[in-house]
Every structure is written in structure tokens, then in C-alpha cells.
Amino acid sequence: MIAVVAYGRRVLPHGWRDLGRQLGIWFGFILAYQLARGLADRNPARAMWNGWRVLTFEQRTLHHLFELTAQRIVDSSHTLLTIVAWTYWNSEFTVVGLAILWVYLRRHEHFARFRNTVLLANVIGLFGYVLWPTAPPRMFNTTGFQDALDGMGSLNHGSALVSLASNPYAAMPSLHAADSLIVAVVLVAASRRWWAKALWALWPAWVWFCVMATANHFLLDVVAGIGVAIVSLLLVSQAHRGRALIANLL
């Protein structure tokens, strides 16, 4: 026991107690968020109507559905489809969770802003799901979209694991898009090697491509997610600056 405590003091920024508190915050939020999202709105008619409005808006303004182009590219290679599917399933909780853990352990000065920005972005996203339930592109088969993850093993949209506490109409805004941008901003700042900075700078664009190529988000969902990330980054940054200013004055 003494060895474990000593190891925690040597490796952990603030010891085992603070790590337990941070894990409680993170997993508690994930549980509450998933349950709230699953109960937010299950009105299929309203969600389908909102999804159709997004689709027609893109057709009118862009005269092209870039999501279909992304799907065609991915469909040309099973290897590419597998990589895209892996990215979709893991870019949210797996990559975000590991990134937060790494920042906590190795770049702790960035941790509080990182954690708070991710939490704020997801709360904003939850309000979006409640106020604007939106069907994803994969539900509009007649326009050429198909569920690229169908048949990809147990982690498909019809599996019990995915269906548990999830809302199939939580497309607007795309939190895959928001969280990937937040991760990129923080890890570009926290990384010390140029190649790591370059890889993380490219990460959000790859995630944005993947969520559209798998027909899980429209381009407009992605744009809304980017907006959520930017707002969250700015608000948390301003809050931390204000807190630092008050601390200096006192």
C-alpha cells in the first residue's frame, strides 16, 4: 500500500484522490449525458422532418451533397471503410478519453481548460438534440445514402450495445466534429514534437470526413459542431482568464 501511495505521488499531478475525483466527474458526466440524450426526444416524425430540411437546404445552397461523394470514395475500398468505421466509433469517447488522460498525466497545465471545454461542448450539444432532433443521412435511403456501418460486426447501429441509452436522432450538432476540433486545438498546443502537432492538426478534418462518409452526419451537422467547439473554446478561455485576473488582484 505504501508503494502504491508513493507511486501515485511520483506519477500523478495531485495524487490518487484527485485522480479518483476526475474519473468520477468524467464517467459520471458520460453516464448522465448518455441517459439524457437517449431520453431527449424520440419523435421520429419531427426528427425526419428536420433531417429533410437539412438535406434540402444543402441541395439548394450547395447544389451538391458532399456526403454522397464521401460515401462513394469509402465504398471503393474495404480497407478504407474499415479505417473510417474505426474512426467513427473511437473518435468520440476512446480518443477523447485517452487524450484527456494523457493531458492530465503529462501536460497538466492544459487539463482544466481541456476538461471544461469538452464538458461544455457536450452540454450545448445535448440542448441541440432536445431542441432540434435530426435524423442522420443514413435514414434517407431514397436519396442514395446507406448505412456504411451496417454489417461491420457487433458495433453497428442495430446492435444492443449501440442502442443502449443512445438517441438515433442526435445528429445536429455533430459532437464528433466538435470534440475532434477541441482535441486538436489542445494537443497541438500541448505536443512538443512537430510531427505530433501536424498529425493532431489534421485529425479533425479526417473525423469530419469519416462522419459524413459513414452517413452519420450531414455537412451542416459538422459545421454546427465546429461552431459549438469554437464557442466552447472561447467561453472557457475567457472564464479562465477572468479567474486568473481575479486571483492576481486578490
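The values are calculated or read from the model by the stated rules, or taken from the named source; none is laboratory data. The shown structure was predicted, so the numbers you read here are calculated from the model rather than taken from an experiment. Note: ideal-geometry Cβ built from the backbone for every residue, glycine included; neighbour counts use all protein chains shown. Quick note on the areas: whole protein, heavy atoms, side chains included, nothing else; ligands and nucleic acids left out. Shrake-Rupley method; radii C 1.70, N 1.55, O 1.52, S 1.80 Å.
Working only within region 119-135, note down all residues that are within 15 Å of ALA177 (Cβ to Cβ), at pLDDT below 90 and open to solvent by less than 10 Å² (accessible area, probe 1.4 Å).
Within region 119-135, TYR129 is the sole residue that qualifies.
Give the number of residues within region 83-113 that are without any contact (Cβ under 8 Å) to a residue 12 or more places away in the chain and among the hydroxyl-bearing types (Ser, Thr, Tyr).
1
Collect the residues in region 59-83 that are touching a Phe, Trp or Tyr at 6+ places or on another chain (Cβ under 8 Å) and aliphatic (A, V, I, L, M), keeping them in residue-number order. Let's see the steps before the verdict.
As a first pass, look at region 59-83 and keep what is touching a Phe, Trp or Tyr at 6+ places or on another chain (Cβ under 8 Å): 67-68, 70-71.
LEU68, ALA70 - these are the residues of region 59-83 that are touching a Phe, Trp or Tyr at 6+ places or on another chain (Cβ under 8 Å) and aliphatic (A, V, I, L, M).
Which fully enclosed helices (runs of 4 or more DSSP H) of region 136-224 have 1 or more residues being modelled with pLDDT of 95 or more? Steps first, answer last, please.
Numbers: elements: 160-163, 175-190, 194-213.
Per the criteria, 175-190, 194-213.
Hey, ASN116 hits all of (1) more than 26 Å from VAL188 (Cβ to Cβ); (2) surrounded by 13 or more Cβ atoms within 10 Å (Cβ to Cβ) but one; which does it fall short on?
(1)
Can you pull out every residue in region 42-101 that is surrounded by 15 or more Cβ atoms within 10 Å (Cβ to Cβ) and not in a helix (DSSP H, G or I)?
LEU65, SER91, GLU92
Six or more apart or on different chains, Cβ under 7 Å: which pairs go from a residue in region 191-213 that's within 11 Å of HIS176 (Cα to Cα) to one that's open to solvent by 60 Å² or more (accessible area, probe 1.4 Å) and at pLDDT 95 or above? Could you list them?
Sorted first by the residue in region 191-213, then by its partner, the list stays empty.
Any residue in region 168-189 that's closer than 13 Å to TRP132 by Cβ: show its pairings with residues that are acidic (Asp, Glu) at Cβ separation under 8 Å, as long as the two are six or more apart or on different chains.
What qualifies is TYR169/ASP41; ALA171/ASP221; MET172/ASP221; PRO173/ASP221; SER174/ASP221.
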